[in-house]
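*Asks:* Here's a structure for you.
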Amino acid sequence: MVIVTRIRREVLTLPAAQVGPDNPLPPLRPLDEVHRIDDRDRDGMPRDMARQLGYEPLRSLLPVPVRDGYDRARERRALDALVIENDRLRATVLPGLGGRIASLLHLPTGRELLYRNPVFQPANFALSGAWYSGGIEWNIGATGHTTLSCAPLHAARVPAPDGGEMLRLWEWERLRDLPFQVDLWLPDGSDFLYVGVRVRNPHERPVPTYWWSNIAVPEECRVLAPAEEAWHFGYEHRLRRVPVPSYDGIDRTHPLNSPYAADYFYEVPDGRRRWIAALDADGHGLVQTSTDVLRGRKLFVWGHLPGGRRWQEWLTEPGTGGYCEIQAGLARTQLEHVRLEAESEVSWLEAYGPLDAPPEGEWPQAVQGAEERLESALPRARVDEAYAAWLPSADTEPGEILAAGSGWGALEVLRADWKLPGTPFPESTLGEAQAPWRELLRTGSLPEPRRVRPPGETLVAPHWRDMLETAPATPHTEYHLGVAQWHADDRAQAVRSWERALELAPSLWPLLRCLAVADQESGHHERAAERYADAFDDLCRERRDDGAAWTAAMAALGRETLQALLTVRRTADARAVRDRLLPAVRRRGRFRLLEAELLLAEGRPAEARAVFDAGFEVADLREGEEVLGRLWARLTDEPLPARYDFRMRPDTV
């Protein structure tokens with residue numbers, strides 16, 4: 001019996017933490033970039049690689065807010081899912097969480113081809129904070145995990161090239177202001193999931209572009225790719241060319257052989273088929289291949305030492321098997337951005353499916369054997385043909401809408417009257433967040449808030465900044481104008497805008513906080529601490545209730561204020577701020593850590609040590625963050641306890 005390809009709704013129930021509210025403070029500081037490299041490593045690079053390494057790396061997270069309202073309290077929760085299935089494969093997609101493919105099940109064998117995380121646990125790995133591990137994610141924007149990791153995407157049914165059904169995902173990527181789409185379909189009887197991807201630049205200027213498809217697979221495997229060299233990048237920020245499969249006497253294509261977390265960007269020769277596979281000891285696993293536009297291939301490993309194992313446990317549940325990542329991208333490495341010309345687009349086709357091949361033995365023979373098996377299962381020519389057949393379908397208008405994303409794309413389309421066939425952004429998707437900006441677009445005036453609440457998001461692109469410049473200079477407008485000017489690196493003018501707004505603003509704390517950040521960035525830490533203290537005092541007076549929005553504001557500003565006061569050793573003032581925080585905020589792991597820092601600054605090291613002994617978890621601990629180990633070393637010479645050991649490089653404490 002032939003089972004035709006179909007798409008259906010499903011509910012995925014699993015232990016899940018809540019994402020929580022976004023941080024209401026605009027991210028004014030430079031991006032916390034863990035992927036920077038030592039300048040010495042640029043020598044000897046291929047010319048195009050060196051050029052793309054320096055091509056407009058992301059400097060700021062604006063206009064995207066930080067998503068740090070999650071915790072680690074997991075309860076069984078229902079997640080909306082979409083399933084696309086034929087008689088060979090079943091793909092489960094989470095449209096509300098970045099369009100992630102959470103599972104890819106090979107039906108004849110019952111084998112899960114991906115690492116399927118049994119829980120949903122956000123952690124601080126995305127550019128904007130919240131991210132979760134497992135499955136296949138679509139990374140667009142800039143170096144790092146996309147800001148859409150835990151955000152909803154639009155989804156709809158679309159006719160597939162073969163006459164069946166296709167699942168389309170699409171959104172507006174806000175860091176680079178680019179619309180994109182991901183089309184998923186399963187030809188009847190196919191062992192491979194086809195994925196057509198298109199990124200469009202509707203602007204009259206070139207835009208730096210970034211894409212990496214990130215596939216989590218069980219780490220007890222060998223990773224094969226058609227390369228004899230790779231670019232190794234670790235958390236010590238060095239990028240160097242190394243041989244594949246082994247260097248320093250270790251075969252790095254077995255993920256558990258590497259001691260520390262590291263990236264290996266494979267140097268696939270020009271003209272060679274683009275593919276990467278992860279195969280277990282029995283020779284079973286997953287292969288990903290694509291048309292040649294998606295040139296890069298990568299392996300990420302956590303390493304076998306305690307820090308990497310602790311991260312693996314942190315992202316799921318103890319006793320759950322670990323994972324590694326195999327990836328495919330537009331450039332050689334994830335440190336590069338490629339140029340997308342004005343009013344142009346880039347597109348390609350990917351295919352994901354099972355592969356059976358002997359993984360062990362000498363590298364050339366293992367790679368050749370896997371590539372021959374891949375060619376037999378899915379000829380390279382068939383991938384090119386599938387891409388050519390899909391491309392006309394990319395403009396097909398969606399049918400039944402299955403999920404809704406954000407309204408930011410609708411706002412941009414409304415502003416510029418862009419025509420984007422295949423990816424509609426209708427006005428019906430505009431929501432509360434876009435309402436004031438729609439009013440600015442319609443009337444030339446940014447409306448004042450109707451009630452006292454934390455300020456909303458600021459749009460910072462040049463066209464929005466120009467509109468703010470010409471709008472009536474109300475305190476609310478001056479606040480947002482200052483944020484946009486700051487993003488444009490016009491810092492002196494941003495400070496003047498915020499200072500003008502202070503004279504008449506009914507709410508002072510958002511402005512004082514912006515000015516405090518400006519003081520810190522210019523090295524005036526005492527003045528910054530004073531402004532932070534005033535801002536926190538104003539917020540405490542203004543707070544209307546203990547709801548999610550005000551609690552998020554208190555936590556965000558309280559954290560920054562405590563850190564600013566500790567920097568200038570104003571421990572009494574820091575203690576006063578800590579005591580005014582809501583009890584639920586004080587119990588959070590990040591604030592338990594700050595309490596330990598404060599106790600140490602107050603000359604109470606035994607009590608600071610007791611905080612560690614009692615135990616706490618910093619839910620938003622950042623990838624590569626070393627604060628736990630450094631504070632522990634100030635308290636004792638004892639080894640860092642395993643529960644606090646998240647070290648990702650060899651020279652950390």
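The values are calculated or read from the model by the stated rules, or taken from the named source; none is laboratory data. Computed from a prediction, not measured in an experiment: that's the story for all the values here. No Cβ is skipped: glycine too gets one built from the backbone with ideal geometry, and neighbour counts run over all protein chains shown. The accessibility values were calculated without ligands, DNA or RNA, using every heavy atom of the protein model including side chains. Shrake-Rupley method; radii C 1.70, N 1.55, O 1.52, S 1.80 Å.
*Asks:* Any chance you could run the full-extension gain for residue 188 through residue 107? It's 0.36 nm times the residue separation minus the Cα-Cα distance, nm to one decimal.
*Replies:* 27.8 nm
*Asks:* If I histogram all Cα-Cα distances within the stretch 156-222 using bins 5 Å wide from 0, what percent of pairs lands in each bin?
*Replies:* Bin by bin from 0 Å, the calculated values are 4, 13, 19, 18, 15, 14, 10, 5, 1, 0.
*Asks:* Next up: Could you work out how much longer the chain between residue 602 and residue 642 gets when fully extended? Use 0.36 nm per residue separation minus the Cα distance between them, nm to one decimal.
*Replies:* Length difference between fully extended and current span is 11.7 nm.
*Asks:* Still on this structure: Simple spin-label model, 7 Å along Cα-to-Cβ: residue 272 to residue 546 in nm?
*Replies:* Roughly 6.1 nm, to one decimal.
*Asks:* Determine the calculated [θ] at 222 nm for the chain from helices alone, applying -39500 (n - 2.57) to every DSSP H run no shorter than 4 residues and normalising by the residue count; nearest 500 deg cm²/dmol.
*Replies:* Details: 17 runs with 191 residues, N = 653.
The helix-only estimate for the chain comes to -9000 deg cm²/dmol at 222 nm.
*Asks:* Put a dot 7 Å past each Cα toward the Cβ at residue 395 and residue 248; how far apart are the dots in nm?
*Replies:* Going from the residue 248 label point to the residue 395 one covers 5.3 nm.
*Asks:* Still on this structure, I have one more. Using only the Cα atoms of the stretch 223-279, construct the convex hull and provide its projected area averaged over every direction, in square nanometres to one decimal.
*Replies:* Values: hull surface 16.3 nm².
Over every viewing direction, the Cα hull of the stretch 223-279 projects on average to 4.1 nm².
*Asks:* Another question, then. Taking R0 as 35 Å, what FRET efficiency do you get between residue 521 and residue 388 from their Cβ-Cβ distance, rounded to the nearest 0.05?
*Replies:* On the way: r = 51 Å, r/R0 = 1.45.
Efficiency computed from Cβ-Cβ geometry: 0.10.
*Asks:* Moving to a separate point now. Over the Cα atoms of the stretch 1-133, what Rg and Dmax result, in angstrom?
*Replies:* That works out to 20.0, 61 Å for Rg and Dmax.
*Asks:* Hey, another quick one. Ranked from highest to lowest mean number of other Cβ atoms within 10 Å per residue, what is the order of the peptides 39-50, 358-369, 197-208, 296-307?
*Replies:* Final packing ranking: 296-307, 197-208, 358-369, 39-50.
*Asks:* Here's something else I'd like to know. Quick one: what do you get for the stretch 561-653 if you divide its Cα Rg by 2.2 N^0.38 Å?
*Replies:* 1.07
*Asks:* Expressed as a rounded percentage, what relative contact order does the stretch 547-653 have, with Cα pairs under 8 Å and six or more residues apart?
*Replies:* Computed over the stretch 547-653, the figure is 19 percent.
*Asks:* Carbon-plus-sulfur fraction of the accessible area of the stretch 220-324, 1.4 Å probe, in percent?
*Replies:* In the stretch 220-324, the share of accessible area belonging to carbon and sulfur is 48 percent.
*Asks:* Let me ask something else. At a 1.4 Å probe radius, carbon and sulfur cover how many percent of the accessible area of the stretch 469-598? Walk me through the numbers before you get to the answer.
*Replies:* Numbers: 2640 of 5520 Å².
Result for the stretch 469-598: 48 percent of the exposed heavy-atom area is carbon or sulfur.
*Asks:* Next up: Quote the relative contact order of the chain in percent (integer), defining contacts as alpha-carbon pairs under 8 Å separated by 6+ residues.
*Replies:* 13
*Asks:* In addition: If the chain between residue 229 and residue 499 were fully stretched, how many nm would it gain, using 0.36 nm times the residue separation less the Cα-Cα distance?
*Replies:* 91.7 nm
*Asks:* Please list, by residue number, every one of the trypsin sites (Lys or Arg not before Pro) in the stretch 552-649 that is coil in DSSP and has at most 13 other beta-carbon atoms within 10 Å.
*Replies:* Passing sites in the stretch 552-649 are 569, 587.
*Asks:* What accessible area per residue comes out for the stretch 572-630, rounded to a whole number of Å², with a 1.4 Å probe? Mind dumping the intermediate values first?
*Replies:* Numbers: 2530 Å² over 59 residues.
I get 43 Å² per residue for the stretch 572-630.
*Asks:* Sort the following peptides by mean Cβ neighbour count (other Cβ atoms within 10 Å, averaged over residues), highest first: 216-222, 14-20, 390-396. Present the calculation step by step, with values, prior to reporting the outcome.
*Replies:* Numbers: 216-222: 22.3, 14-20: 17.6, 390-396: 16.0.
Sorting 216-222, 14-20, 390-396 by mean packing, highest first, produces 216-222, 14-20, 390-396.
*Asks:* Further question: Residues of the stretch 345-366 with backbone nitrogen within less than 18 Å of a virtual label 7 Å along the Cα-to-Cβ line of residue 380, please, listed as ranges.
*Replies:* Of the residues in the stretch 345-366, 348-352, 364-366 have backbone N under 18 Å from the label point off residue 380.
*Asks:* Can you figure out the FRET efficiency of residue 417 with residue 309, using R₀ = 41 Å and their beta-carbon distance, to the nearest 0.05?
*Replies:* 0.20
*Asks:* Counting each pair of different Cα atoms once, what's the Kirkwood radius of the stretch 79-142 in Å, rounded to one decimal?
*Replies:* Every distinct Cα pair counted, the radius reaches 12.6 Å.
*Asks:* Restricting attention to the stretch 382-439, which trypsin sites (Lys or Arg not before Pro) occupy a DSSP loop and are surrounded by at most 12 other Cβ atoms within 10 Å?
*Replies:* 419
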